[in-house]
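Colleague: Take this structure first; my questions come after.
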Amino acid sequence: MREDVDEDLAVTSYATAQRPGDRAFQCDATAVYTTPDGTRAYVLLDGVGDTPAVRSWTRTAARRLARAAAEHADAEAGLRAEYDHYVADPARTAGHGLPCAAAVVAAHVPGGLFSVAWSGDARAYLLLDGHLRLLTEDHNARRACDGDRNLITACLGEARSDEETEQIWGHPAIEYLRGPARPGWLLLASDGAYEPHEDAGHDLAGYLTGDPHAAAERLVDDAVRRAHELSDPYADNASVLVARITC
């Protein structure tokens with residue numbers, strides 16, 4: 001399900017697509033929010049777990065994060081505000097196992113900055129001048145200690161600080177980058193969308209052309225198909241958000 005906040009916007013510059021894969025519930029969520037001055041935030045969350053409670057929480061959290069990032073006009077500021085919001089919940093500090101999600105958010109200020117922030121292993125890619133660049137670094141045990149890539153080491157909803165996370169895993173709870181906005185294609189993807197392509201040695205750049213809706217649909221359809229073709233044929237929730245970024 002696409003979680004768009006911009007209900008009145010003619011959606012021609014971005015699109016999302018999702019497939020449940022072999023899970024019982026679709027626990028990924030996307031959201032887009034645009035402020036009156038044209039600042040827009042794009043969000044993708046990959047919920048941890050496979051329950052209706054995780055699905056509901058992730059959808060709400062995605063909408064909150066999109067609005068926060070757009071209103072702050074900065075991905076890192078928005079993600080940090082929402083991260084701190086959940087940290088302030090005493091039940092999370094007490095370790096009650098409340099829902100959480102890998103999070104990635106991009107914010108575009110027309111004529112200004114483009115920023116990306118993340119906590120978890122959801123990814124952001126940017127296609128510029130024909131070259132696809134991975135903007136994020138996975139927050140998982142493979143990066144931290146050459147361990148299990150399915151063990152995420154930070155996420156939205158976690159109660160650890162940057163310092164605590166860095167002490168344990170070697171990276172902060174939230175990472176980010178900023179730079180001038182340039183025309184290109186943005187891709188946000190859950191691990192269920194990018195891992196099957198990566199494992200098959202397939203370049204994602206080929207999807208970032210033409211109509212964003214068609215591009216997004218092809219990417220997730222092929223992710224599920226490739227997952228089923230692998231030696232361990234399990235397809236996770238696959239979700240992407242594809243957007244044309246203009247200055």
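The values are calculated or read from the model by the stated rules, or taken from the named source; none is laboratory data. Note that the structure is a prediction, hence the values are computed from the model and not measured. Neighbour counts run over all protein chains shown; Cβ positions are idealised from the backbone, glycine included.
Colleague: Here is a check on your reading of the model: is D199 surrounded by 15 or more Cβ atoms within 10 Å (Cβ to Cβ), out of contact with any strand residue (DSSP E or B) (no Cβ under 8 Å at 6 or more places or on another chain) and more than 19 Å from V43 (Cβ to Cβ)?
Modeller: When the stated conditions are applied, D199 does not pass them.
Colleague: Hey, can you tell me all the residues within the stretch 30-64 that are touching a Gly at 6+ places or on another chain (Cβ under 7 Å) and closer than 20 Å to Y125 by Cα?
Modeller: If the condition is that a residue be touching a Gly at 6+ places or on another chain (Cβ under 7 Å) and closer than 20 Å to Y125 by Cα, then A41, D46 are the ones that fit.
Colleague: So if I check each of G112, G97, which one is over 19 Å from Y176 (Cβ atoms), surrounded by fewer than 20 Cβ atoms within 10 Å (Cβ to Cβ) and not basic (K, R)?
Modeller: G97
Colleague: Considering only residues that are hydrophobic (A, V, I, L, M, F, W, C) and out of contact with any Phe, Trp or Tyr (no Cβ under 6 Å at 6 or more places or on another chain), look in the stretch 116-140 and name the one that is farthest from C155 (Cα to Cα).
Modeller: Looking at residues that are hydrophobic (A, V, I, L, M, F, W, C) and out of contact with any Phe, Trp or Tyr (no Cβ under 6 Å at 6 or more places or on another chain), I get L128.
Colleague: Go through the stretch 37-62 and give me each residue that's among the charged types (D, E, K, R) and in contact with an Asp or Glu (Cβ under 6 Å, 6 or more places away or on another chain).
Modeller: Passing the criteria: D46, R59.
Colleague: Next question. Do you know which residues across the stretch 141-154 are in contact with a Phe, Trp or Tyr (Cβ under 9 Å, 6 or more places away or on another chain) and of a type outside the set (G, A, S)?
Modeller: R143, C145, T153
Colleague: Can you tell me how many residues within the stretch 21-46 are under 15 Å from A70 (Cβ atoms), in contact with a helix residue (DSSP H, G or I) (Cβ under 8 Å, 6 or more places away or on another chain) and of a type in the set (G, A, S)?
Modeller: Result for the stretch 21-46: 2.
Colleague: Considering each of L126, L79, L132 in turn, give the residue that is surrounded by fewer than 20 Cβ atoms within 10 Å (Cβ to Cβ) and either modelled with pLDDT of 95 or more or farther than 23 Å from N237 by Cβ (or both).
Modeller: Result: L132 is the single residue among L126, L79, L132 that is surrounded by fewer than 20 Cβ atoms within 10 Å (Cβ to Cβ) and either modelled with pLDDT of 95 or more or farther than 23 Å from N237 by Cβ (or both).
Colleague: Restricting attention to helices (runs of 4 or more DSSP H) lying wholly within the stretch 18-103, give those where 2 or more residues are among the acidic types (D, E) and touching a strand residue (DSSP E or B) at 6+ places or on another chain (Cβ under 9 Å).
Modeller: The qualifying helices (runs of 4 or more DSSP H) are 75-87.
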